[in-house]
Amino acid sequence: MKMKRKGIMICGLNGAGKSTLGKWLAERTNAEWLDNEMLYFENADSYQEPCTAKVAQERLHARLADSNVPFVYCAVDNEDPVLIDHLLGIVYVGIDHTVSQERIRQRSAARFSTRLQKDEALRKSEERFFESVKRKDPIRMEQWARKMEMAGMPVLFLDGTAPLSISQDRIETFWKKLFFVKKAEK
């Protein structure tokens, strides 16, 4: 019988550092890094036509079912019961909207460089994205993480403005604890 694939989810506002931590942890632990944003685009380099949320969810479910390799899944949030059933723990990276906006604007400028100045459609698309991030509720996200913790899910709360090395140490310790406990249960 095939074991159910297990991993962790790193969640929080855009620009909190989820992908930075997730990529680092996946490399460090030989886990698969799954970024929710990548599930929306057929070609991760183009960011042109995103698929629907249903298609992205189907892609995630397929990835969860296709391997036994541990995973690190990064998303703003995701209350999908199929995903939650595969989780050993959750990492919530907290930052406020001001920091979130600064970081995503810097990331956009770095990603698109001078194209933002020349391409009005791209600039408008990015502004819509910035506005959508402003509407996200970090209090609701944190409350969800606390609710999951109260239901028995291990949750690590990180400060998204803390030095990266501190967050890396804490998340690596959390990972080791989750996977050591899991192995000990066998």
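Within the stretch 112-149, count every residue that is at negative phi, open to solvent by less than 100 Å² (accessible area, probe 1.4 Å) and part of a loop (DSSP other than H, G, I, E, B).
4
Given the conditions (1) part of a helix (DSSP H, G or I); (2) in contact (Cβ under 8 Å) with a residue 12 or more places away in the chain, and given that Val72 satisfies all but one, which numbered condition is not satisfied?
(1)
Kindly indicate which of Val181, Val155, Val133 is within 15 Å of the chain's Cα centre (by Cα) and modelled with pLDDT under 90. Steps first, answer last, please.
Values: Val181 fails: within 15 Å of the chain's Cα centre (by Cα); Val155 fails: modelled with pLDDT under 90.
After ruling out the rest, the residue left standing is Val133.
Against the condition within 17 Å of the chain's Cα centre (by Cα), β-branched (Val, Ile, Thr) and surrounded by fewer than 16 Cβ atoms within 10 Å (Cβ to Cβ), how does Thr173 come out, does it pass? Let's see the steps before the verdict.
Details: within 17 Å of the chain's Cα centre (by Cα): no; β-branched (Val, Ile, Thr): yes; surrounded by fewer than 16 Cβ atoms within 10 Å (Cβ to Cβ): yes.
Here the answer is no, as Thr173 does not meet what is asked.
Can you pull out every residue in the stretch 53-79 that is open to solvent by 30 Å² or more (accessible area, probe 1.4 Å) and of a type in the set (A, V, I, L, M, F, W, C)?
Ala53, Val55, Ala62, Ala65, Val69
The values are calculated or read from the model by the stated rules, or taken from the named source; none is laboratory data. Keep in mind the model is a prediction, meaning the values are calculated, not measured. Positions of Cβ are backbone-derived with ideal geometry, glycine not excepted, and every protein chain shown enters the neighbour counts. Accessible surface is based on the protein model in full, side chains and every heavy atom, while ligands, DNA and RNA are left aside. Shrake-Rupley method; radii C 1.70, N 1.55, O 1.52, S 1.80 Å.
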